[in-house]
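Encoded as structure tokens, the structure appears first; notes follow it.
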Amino acid sequence: MTAGKKIRRKDKPLGPIPSGFETIDGELAIGGKTASALVAEAGRTPLFVYSKAQLDARIAALRTAMPKRLGINYAVKANPFAPVINHMAPLVDGFDIASAGELAMAQAAGLDPARVSFAGPGKRDDELEAAVRASVTLNCESEGEARRTFAIAERIGVTPKMAIRVNPEFELRGSGMKMGGGAKPFGLDTNRVPALAREIIAAGAEYRGLHIFTGSQSLDTEALIETQGNVLNLADKLSGEIGVNCPKLNMGGGFGIPYFSGDEPIDLERIGASLEQRFASLPDSLNETDLCIELGRFLVGQSGVYLTKVIDRKISHDAVYLITDGGLHHQLAASGNFGTVVRRNYPVAVANRFGVQANQGAVLEEVNVVGCLCTPLDRLADKALLPHADVGDIIAVFCAGAYGASASPASFLGQGPAGEILA
Ligand SMILES: *Cc1c(COP(=O)(O)O)cnc(C)c1O
């Protein structure tokens, strides 16, 4: 060994493991089954496991904190796995969909079309027709889309249900992905909303009100409260200009979940209390309005765990690499390549040594958990302190319930999709 500069490594913290996961026989367990039993049952890794108990607990917590009057919609794009959709159907008040594909999923789950609304900036004619035929509410994103809908509805002889998606001048502060404020492909600029609403009504369509979505993945409780206030004010102002009370207002969502070290959960009780206060003195235009929020990630994100097997353990320049059979093709976000600027570690554990990891004073080693793809982007945990793991052990990546399986490039390098189960 040569004297001189010694490379100093410093471990990087892992994100917080969501509460509510059990340990059985020292292993991570979901739905009463250990990780290795779940892998054996599925007959494979990599595997996404979604916890029914976590989904139920999340919705129960929201129901307790939010005003009774507030509907809770599930934004299907966060996790369109059919058993998850079926499990969510009776628990939420509606589904928000973003394509004809998701419409088919909502229909397969037997959802009442009156509980489904369809947003998305590029709806094709065949998608508009499917939505009008199914009698779901279209959240119109432009005048052009609205007029295509009138023509389709006329041709097939069905009265369309149409709301307007608004591109507000404000945005959700602290939001991971900004989807409102300034020039955007989403929704109609506020000054053009009244004219289109009047056109919808004049065309004989059923006017279903407004949809105001301002951003995603915010952990800033105050910003969420402020935005909800702004949304109610804007809906009132626009309804005044339209001259019709608002039948339905989708207030957007944006509730975030903690992924990284230092992230704190949002304060649901404060958000609920402040909404309750606003609802107690709503203006006439919103008094009879069907009010809802739409959440994806917040409902399903923490319910999911991605399990991947260590297939090699090697040392390079003193650094330990655990090479797994999973990777960014299923977990693009955990690899730091989906909507983040600086890569940070998700919560990660050695699933079959979960009990050890939870112990204070456990002996841990610094490792890099990587996927099996031939790209340096394929990292699941960098310089993470984990219990010793070797070939055959199972790595768990938490917070994998939203934008995982369906929002990652599964066919990259010919890998194909991961398994998925609801436990
Ligand atoms: C993506 C999206 C959602 C869901 O966002 P989450 O951050 O997962 O809650 C809700 N509404 C619209 C319009 C969206 O595009």
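The values are calculated or read from the model by the stated rules, or taken from the named source; none is laboratory data. Since this is a predicted model, take the numbers as computed values, not measurements. Backbone-built Cβ (ideal geometry, glycine too); neighbour counts: all protein chains shown.
When the criteria are applied in full, LEU322 meets the requirement of being assigned by TED's automatic domain parsing to the domain that holds ALA407, crowded, with 24+ Cβ neighbours inside 10 Å and more than 26 Å from the chain's Cα centre (by Cα). Of the strands (runs of 3 or more DSSP E) entirely within the stretch 263-360, those holding at least 1 residues that are within 30 Å of PRO247 (Cα to Cα) occupy 290-295. Assessment of the stretch 159-178 against the conditions (within 28 Å of the chain's Cα centre (by Cα), polar (S, T, N, Q), within 16 Å of the ligand (Cβ to nearest atom) and modelled with pLDDT of 95 or more) yields at least one matching residue.
So which of LEU275, LEU249 ends up being crowded, with 20+ Cβ neighbours inside 10 Å, touching a strand residue (DSSP E or B) at 6+ places or on another chain (Cβ under 8 Å) and under 24 Å from ALA75 (Cα atoms)? LEU249 is the lone residue from the list that is crowded, with 20+ Cβ neighbours inside 10 Å, touching a strand residue (DSSP E or B) at 6+ places or on another chain (Cβ under 8 Å) and under 24 Å from ALA75 (Cα atoms). Of the candidates ALA75, ALA98, ALA60, ALA65, the single residue that is under 29 Å from GLN228 (Cα atoms), among the small types (Gly, Ala, Ser) and in the same structural domain as LEU232 (by TED's automatic domain parsing) is ALA98.
Contact map, the stretch 365-380: residues that are free of Cβ contacts under 8 Å to residues at least 24 places away in the same chain paired with residues that are part of a loop (DSSP other than H, G, I, E, B) and hydrophobic (A, V, I, L, M, F, W, C), Cβ distance under 7 Å, separation 6+ or inter-chain. No pairs are found. With respect to the conditions (1) modelled with pLDDT of 95 or more; (2) on the phi > 0 side of the Ramachandran plot, SER274 falls short on a single one, namely (2).
All conditions in (1) over 23 Å from the mean Cα position of the chain (by Cα); (2) exposed (fewer than 14 other Cβ atoms within 10 Å of the Cβ) hold for GLY20, with the sole exception of (1).
Could you go through the stretch 174-195 and let me know if any residue there is basic (Lys, Arg) and within 29 Å of TYR403 (Cα to Cα). Within the stretch 174-195 (the criterion being basic (Lys, Arg) and within 29 Å of TYR403 (Cα to Cα)), the answer is yes, since at least one residue qualifies.
Yes/no per residue for (1) buried (at least 16 other Cβ atoms within 10 Å of the Cβ); (2) away from the ligand (no atom under 15 Å from the Cβ); (3) at pLDDT 95 or above:
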| position | (1), (2), (3) |
| --- | --- |
| LEU47 | yes, yes, yes |
| ARG63 | no, yes, yes |
| ILE72 | yes, no, yes |
| ALA75 | yes, no, yes |
| ASN79 | yes, no, yes |
| ILE85 | yes, no, yes |
| MET88 | yes, no, yes |
| LEU91 | yes, yes, yes |
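For the stretch 312-321, the set of residues classified as more than 20 Å from TYR346 (Cβ to Cβ) and aliphatic (A, V, I, L, M) consists of ILE315 only.
For beta carbons closer than 6 Å, sequence separation of 6+ or different chains, a first residue in the stretch 242-260 that is in the same structural domain as TYR346 (by TED's automatic domain parsing) and more than 20 Å from ARG192 (Cβ to Cβ) and a second that is more than 9 Å from the ligand (Cβ to nearest atom) and aliphatic (A, V, I, L, M), there are no qualifying pairs. For the stretch 108-133, the set of residues classified as within 19 Å of PRO247 (Cβ to Cβ) and not basic (Lys, Arg) consists of ASP112, PRO113, ALA114, VAL116, SER117, PHE118, ALA119, ALA131, VAL132, listed by residue number. Inclusion of ASP56 among residues that are touching a strand residue (DSSP E or B) at 6+ places or on another chain (Cβ under 6 Å) and acidic (Asp, Glu) is not warranted.
Screening the stretch 100-206 for helices (runs of 4 or more DSSP H) wholly inside it with 3 or more residues that are without any contact (Cβ under 8 Å) to a residue 12 or more places away in the chain returns the ranges 143-156. Do the conditions hold for ARG44, that is, is it more than 30 Å from ASP290 (Cα to Cα), outside the structural domain of GLY262 (by TED's automatic domain parsing) and basic (Lys, Arg)? For ARG44, the condition - more than 30 Å from ASP290 (Cα to Cα), outside the structural domain of GLY262 (by TED's automatic domain parsing) and basic (Lys, Arg) - is met. Considering the stretch 275-319, the residues that are outside the structural domain of GLY215 (by TED's automatic domain parsing) and without any contact (Cβ under 8 Å) to a residue 12 or more places away in the chain include one that is farthest from the ligand (Cβ to nearest atom), namely ILE315. Restricting the stretch 345-355 to residues that are touching a Gly at 6+ places or on another chain (Cβ under 9 Å) and surrounded by 18 or more Cβ atoms within 10 Å (Cβ to Cβ), the residue that is nearest to GLY392 (Cα to Cα) is ASN352. Is the stretch 169-183 home to any residue that is surrounded by fewer than 22 Cβ atoms within 10 Å (Cβ to Cβ) and in contact with a Phe, Trp or Tyr (Cβ under 8 Å, 6 or more places away or on another chain)? Yes - at least one qualifying residue is present in the stretch 169-183.
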